[in-house]
Amino acid sequence: MADQTSVNNGPGTPGASPVEGVFTNLAEFSGNLVTLSELQGKLAAIELRHCIKEATWPAAMIAVACVIALGSLPVLLIGVAEWLVRALGITHASALLLSGVGALLIAAILIGVAIPMLRRSFTHFQHTRDEFRRNIAWIKTVLTHSGRSPIRR
């Protein structure tokens, strides 16, 4: 018996039971998942800070511009209505209605153009999405190949 080779039942020490190997692999895999989750969260936080840093001044400028534009809009619409009364010879009510409808159409067009542009502005999280896809692929690979013995040639 002394000249026989001892059997290694898997990871860990020679002679370890298969159950111990499963628990060892499960513990390592769980630790790796926790590490990946922490790193994924840190990457998302870094990219979020970068997005906020780049968007602060433009957002403030847009807010100020919106306040100014909203304040001047009634004056502008009344002016357009007065021009329509003189140019087309229509009533004040018709001119006010036409200028209001025209303003709503312009607003709808601007919203239709702005929404696709806004969707494209979230490309800063591309690194997070790419890394998340790689992490999921790694998890699938580990789960698919765990417990299989390596192919020997």
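The values are calculated or read from the model by the stated rules, or taken from the named source; none is laboratory data. No experiment lies behind these values; they were computed from the predicted model shown. Don't worry about glycine lacking a Cβ; one is built from the backbone with ideal geometry, like all the others, and counts go over all protein chains shown.
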Please state which one of LEU110, LEU73, LEU48, LEU39 is within 30 Å of VAL22 (Cα to Cα), part of a helix (DSSP H, G or I) and not small (Gly, Ala, Ser). LEU39
Report every pair of residues separated by at least 6 positions or lying on different chains whose Cβ atoms are under 8 Å apart, first residue within segment 107-121 and of a type outside the set (Ser, Thr, Tyr) and surrounded by 10 or more Cβ atoms within 10 Å (Cβ to Cβ), second modelled with pLDDT of 90 or more and not in a helix (DSSP H, G or I). none
Look at segment 29-58 and say how many of its residues are exposed (fewer than 11 other Cβ atoms within 10 Å of the Cβ) and of a type in the set (A, V, I, L, M). 1
Does LEU98 satisfy being modelled with pLDDT of 85 or more and on the phi < 0 side of the Ramachandran plot? yes
Identify all residues within segment 88-106 that are surrounded by 10 or more Cβ atoms within 10 Å (Cβ to Cβ) and outside any helix (DSSP H, G or I); write none if there are none. ILE90, THR91
Among (1) within 30 Å of PHE23 (Cβ to Cβ); (2) out of contact with any Phe, Trp or Tyr (no Cβ under 7 Å at 6 or more places or on another chain), PRO116 falls short only on (1)
Which of the numbered conditions does VAL67 fail, given that it passes all the others? Conditions: (1) of a type outside the set (Gly, Ala, Ser); (2) without any contact (Cβ under 8 Å) to a residue 24 or more places away in the chain; (3) under 27 Å from ARG134 (Cβ atoms). (3)
